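In what follows, a single structure is set out as structure tokens and then discussed.
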Amino acid sequence: MTELLFRDDGYLRSCSARVTHADERGVRLDRTVFYPMGGGQQGDTGVLRLASGRAITIIDTIKGAAADEVDHVPAPGAVLPVPGEELVAEIDWDRRHRLMRMHTCLHLLCSVVPGAVTGGQVADDRGRLDFDVPGSSLDKEVIASRLNALIAEGHPVGPRWITDEELAAQPDLVRTMSVKPPSGTGRVRLMEIAGIDLQPCGGTHVRNTAEIGPVAVTKIENKGRQNRRVILAFAE
Ligand SMILES: [Zn+2]
């Protein structure tokens, strides 16, 4: 099991850690700042810096077989560290920050577009959500201007924890049908943008919507009778 430091502080760029396991699938650490691909958000990239000065490039981060297990995927051909070795795990912060900005923006998109969310994906230059809405009721420019207004208003973004029982009693909190909130640990983390969006989410977010910066709706795709895909990109 890996201590997931990004869960409490998405702004941590590096941490010291000890290797617990390493094979071609990935390097496992006792703690990490690397976010593993999940909930539609891409896994982090970065480096593992060994005491010897050697750096191992990490090209992706994925979930391991067990809960809270993280595999740091090394570049092909990398010489693996050995269990017990101490190192510094450092993410590609510029890329992660773009992922956090786009991910947070998708929460705003949830509040702007009515209808259930059936899927989504966050990359560092674009993001998308699929909505279960009929017809051609969605307008690119209207959505973009509402999003940019919410961004510019500078709303705080923060976690709120509730118990499994509280979540079960309020199933309407779950906006994203394709991503089941993690449960079974007794409590669930909700991300809250006060008065705008509240939903279970294990991803990484910026602290304030102003940090997202201007965005554009690049496309609204028709993915079936009831399915509209809204695609966003940074405007600058
Ligand atoms: Zn989120």
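The values are calculated or read from the model by the stated rules, or taken from the named source; none is laboratory data. In this text, all values refer to a predicted model and were calculated from it rather than measured experimentally. Cβ placement follows ideal geometry from the backbone for every residue including glycine, while neighbour counts extend to all protein chains displayed. Side chains included, ligands, DNA and RNA excluded: accessible areas come from the protein's heavy atoms. Shrake-Rupley method; radii C 1.70, N 1.55, O 1.52, S 1.80 Å.
Before moving on, here are some points about what is shown:
- Rough spin-label spacing in nm, given labels placed 7 Å along Cα→Cβ, for S16 and R207: 2.5 nm
- Helix-only mean residue ellipticity at 222 nm for the chain, each DSSP H run of n ≥ 4 adding -39500 (n - 2.57), per residue, nearest 500: -5000 deg cm²/dmol
- In degrees, nearest ten, helix 140-152 long axis to first principal axis of the chain (Cα): 60 degrees
- FRET E, pair A67, Q170, Förster distance 35 Å, beta-carbon r, rounded to 0.05: 0.90
- Relative contact order, percent, the chain [alpha-carbon distance under 8 Å, six or more residues apart]: 19 percent
- Extending 7 Å from the Cα toward the beta-carbon at both I231 and D30 defines two label points whose distance is 4.6 nm.
- Using 0.36 nm per residue and subtracting the Cα-Cα separation, the extra length available between D8 and E141 on full extension is 44.4 nm.
- When the trypsin sites (Lys or Arg not before Pro) in the range 44-99 are filtered for DSSP coil states and for at most 10 other beta-carbon atoms within 10 Å of their beta-carbon, no site remains.
- Residues R13, R28, sorted by accessible area with the largest first, give R13, R28 [1.4 Å probe; ligands and nucleic acids excluded].
- Peptides 144-156, 30-42, ordered by how many other C-beta atoms sit within 10 Å of their residues on average, highest first, read 30-42, 144-156.
- Derived scalar couplings ³J(HN,Hα) [the range 67-80; Karplus, 6.51 cos²θ - 1.76 cosθ + 1.60; whole Hz; x for Gly, Pro]: 4, 6, 10, 10, 9, 8, 7, x, 4, x, x, 5, 7, 6
- Across the range 8-19, computed HN-Hα scalar couplings (Karplus, 6.51 cos²θ - 1.76 cosθ + 1.60, θ = phi - 60°) run 9, 8, x, 9, 5, 9, 8, 7, 7, 7, 10, 6 Hz from first to last residue, x flagging Gly and Pro.
- Over all pairs of different C-alpha atoms in the chain, the reciprocal of the mean inverse distance, the Kirkwood hydrodynamic radius, equals 18.7 Å.
- Relative contact order (%) - the range 22-87, alpha-carbon pairs under 8 angstrom, separation at least six: 36 percent
- Estimated distance in nm for a label pair at E153 and V79, the labels positioned 7 Å out from Cα along Cα-to-Cβ: 5.6 nm
- Summed side-chain charge close to A78 - residues other than A78 whose Cβ falls under 12 Å, Lys, Arg +1, Asp, Glu -1: -1
- Paramagnetic label reach from R187 (point 7 Å along Cα→Cβ; backbone nitrogen cut-off under 17 Å): within the range 1-28, residues 3-10.
- Heavy-atom accessible surface of the range 1-52, averaged per residue, reaches 47 Å², computed with a 1.4 Å probe.
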